[in-house]
Amino acid sequence: MKTQKQILSIPDRFILADKIVFTEPFGNGHINDTFKVINDKGEAVYILQRINHHIFTDVDILQNNIHTVTSHIRKKLEERGESDIDRKVLTFLPTHEGKFYYFDGESYWRMCLMIPRSQSFEEVNPEFSYEAGKAFGEFQSMLADLPEGALGETIPNFHNMEFRLQQFHDAIAANPVNRLEKVKELVAEIEKRAEAMCIQERLYREGKLKKRTNHCDTKVNNILFDEDGKVLCVIDLDTVMPGFVLSDIGDFIRTGANTGAEDDENLENVSVNMEIFKAYTQGYMEKANSFLTPTEIKLLPYGGRLLTYMQTVRFLTDYINGDTYYKIHHPEHNLQRTRAQFKLLQSLEENAVKMDAFMQEWL
Ligand code: ADP
Ligand code: GN1
Ligand code: MG
């Protein structure tokens, strides 16, 4: 663990306009460590992040991707004559050596400008969901013309369901901390659905689905809103990479359209909020209709189920493996998360017919 004083010495490695006096932990992500950086006038001016390089093993690819994505979006905003561009796309800062990260011999660090007068939420109402849907649809549409090969896979097979099931089966076979017995029923529920959850990989092999540039972590709290609830920008760009289109509708449904928390202890709280689903889908389709194929449009509600299923599998895999991937806040946290995600999956399954019917108007 680094001390506050050690962390405070990191920003010096970057070219900064302000004098820095303080950092404090910020946000509640499961992977990286985020800090607010405060200047001598008491203003939060930068974001400092320690990159989890056990998960993002190639930090060069990671920061190159982020640079490619933010430069591409900035150019699009400039061409459109947008104002206030520094609040609409993230600005990463170079080190004195001209790199977009700094390695201190132990950890990798990056810095970006804190977007002033911005806020993020863990929960959203339908109005904000509609705005979020437009924002992610627009994000995908702005990146649609990136040439093939422009972005590397920062985590290979990140949202590949067949691969996630393979990892799950490996964990079951190894059972390294003897937790398998306790989760037998959940394992059976996962197995029951496994084949039906690999549609995208099959369609891809048959040439019926192509890959696109996706955000791949469209959690509600990865959007910044302004004071009036208008979207400023999409953040947390670590996982922007080529993948299947359902990722970006699926993860928002999983987080934004859940009436409970991702790790809710009380499963009664957890169900799908159809109004949020409809509002997000409406906003998303207004921007994405122009480039989606009918196959993709038809599959959008399945995307909610798929990403919730995938997250159930990932949390349970980590639980069986002895909690090696996600940050946990107590020993049974990954199991609690698994149960809450599975409850949401059941609710999405119960509402599947209604959700499919909602898509009809776009087909
Ligand atoms: P994590 O990997 O921890 O999810 P994020 O990049 O999503 O990291 O940052 C965590 C939180 O910090 C976000 O949910 C948001 O509230 C805030 N945040 C991150 N970057 C910025 C920024 N540039 N300006 C303002 N707030 C930010
Ligand atoms: C992680 O970093 P964070 O909290 O935004 C994870 C996502 C999961 C999410 C579950 C690189 O995202 O894929 O969906 O937790 N990110 C990575 O909340 O694995
Ligand atoms: Mg985040």
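Structural remarks
- Cα centre as origin, Lys/Arg/Asp/Glu Cβ charges: the chain dipole, Debye: 440
- Rolling a 1.4 Å probe over the protein heavy atoms of the chain, with every protein chain left in place, gives an accessible area that is 50 percent carbon and sulfur.
- About the centre of its Cα atoms, region 1-123 shows a dipole size close to 160 debye [charges on the beta carbon of Lys, Arg (+1) and Asp, Glu (-1) only; nearest 20 debye].
- Residue pairs exceeding 24 angstrom between C-alpha atoms, taken from Lys184/Lys219; Lys88/Lys219; Lys208/Lys298; Lys36/Lys75; Lys287/Lys354; Lys182/Lys219: Lys184/Lys219; Lys36/Lys75; Lys182/Lys219.
- Positive-end residue, region 98-235 charge dipole about Cα centroid, Cβ charges, pick of Val231, Met197, Phe136: Met197
- Scattering profile of region 277-327 at q = 0.13 Å⁻¹ [log10 I(q)/I(0), Debye over alpha-carbon scatterers]: -0.48
- For His53, the amide hydrogen comes within under 5 Å of the amide hydrogens of Tyr108, counting only partners 5 or more places away or on other chains and with H modelled in the peptide plane.
- When +1 charges are put on Lys and Arg Cβ atoms and -1 charges on Asp and Glu Cβ atoms, the dipole computed for region 284-357 relative to its Cα centre reaches about 60 debye.
- For region 222-276 and region 8-49, distance of Cα centres in Å: 25
- For region 1-130: rounded, prolate or oblate by the Cα gyration tensor [a/c cutoff 1.5]: rounded
- Solvent exposure of region 1-86 as accessible area per residue, Å², 1.4 Å probe: 56
- Cα Rg, Dmax (largest Cα-Cα span) when computed across the chain, Å: 20.4, 60
- Here the translational diffusion coefficient of region 38-109 follows from Stokes-Einstein with Rh set to the Kirkwood radius across Cα pairs; for 37 °C and 0.692 mPa s it amounts to 232 µm²/s.
- Rounded if a/c under 1.5, otherwise prolate or oblate - region 276-363, Cα gyration tensor axes: prolate
- Radius ratio Rg over Rh of region 210-294, counting only Cα atoms, Kirkwood formula for Rh: 0.98
- Cα gyration tensor category, rounded, prolate or oblate, for region 136-276 with a/c compared to 1.5: oblate
- Positive dipole terminus of the chain, leading residue within Asn266, Leu151, Asn52 (C-beta point charges): Leu151
The values are calculated or read from the model by the stated rules, or taken from the named source; none is laboratory data. Just so you know, these numbers come straight off a predicted model, no measurement behind them. Every residue, glycine among them, receives a Cβ derived from its backbone with ideal geometry; neighbour counts consider all protein chains shown. These area figures cover heavy atoms from the full protein model, side chains too; ligands, DNA and RNA do not enter into them. Shrake-Rupley method; radii C 1.70, N 1.55, O 1.52, S 1.80 Å.
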